[in-house]
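Data first, discussion second: the structure below is written as structure tokens.
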Amino acid sequence: MTLLTTIFAAIICTVIWYKGAPKSEMKVGSLCLIYWGASLMWLVDAISEYVEIGAEYFTPAPSDMLNDLYLGLSVVALGLIIWLVILLVKDPKGVVKAALFKKK
């Protein structure tokens, strides 16, 4: 479930990035890289686990699937938090700078 969750997030993010590719104002490319990196990590984990336990890999217990789903969602949330920090630091539209140096 972790692999599926991050792959879906990566695909959705890539489609959003591709629609606004020339501008890239919101730094969505960074978010895509975060999600594709996480997907690659979970793919390597799935391959190594399949090599270790064999065909049992495809019949997980429901509690294991639920735990993996929560882990995948937390990875997606952490990726969004990292992207928001990058967005606030880069401040492509100057909103944070304008708010900080606003004269009353």
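The values are calculated or read from the model by the stated rules, or taken from the named source; none is laboratory data. Quick caveat: nothing in here was measured; it's all calculated off a predicted structure. Just so you know, the surface numbers come from the protein's heavy atoms only, side chains and all, with ligands and any DNA or RNA stripped out. Shrake-Rupley method; radii C 1.70, N 1.55, O 1.52, S 1.80 Å.
Descriptive notes on the structure:
- Lysine pair count for the chain (Cα-Cα distance under 29 Å; residues 8 or more apart in sequence or on different chains): 19.
- In the chain, the longest principal axis of the Cα atoms and the axis of helix 62-90 are about 20 degrees apart.
- Coarse-grained scattering of the chain at q = 0.11, 0.20 Å⁻¹, given as base-10 log I(q)/I(0) from a Debye sum over alpha-carbon atoms: -0.46, -1.00
- Per-residue extension of 0.36 nm, minus the Cα-Cα distance of I16 and I82, leaves a gain of 22.0 nm for this segment.
- Whole-percent carbon and sulfur share, accessible surface of the chain, 1.4 Å: 72
- Whole-number accessible area per residue in Å² for the chain, which is evaluated in the context of all protein chains at 1.4 Å: 75
- For the chain: relative contact order, % (alpha-carbon pairs under 8 angstrom, 6 or more apart): 41
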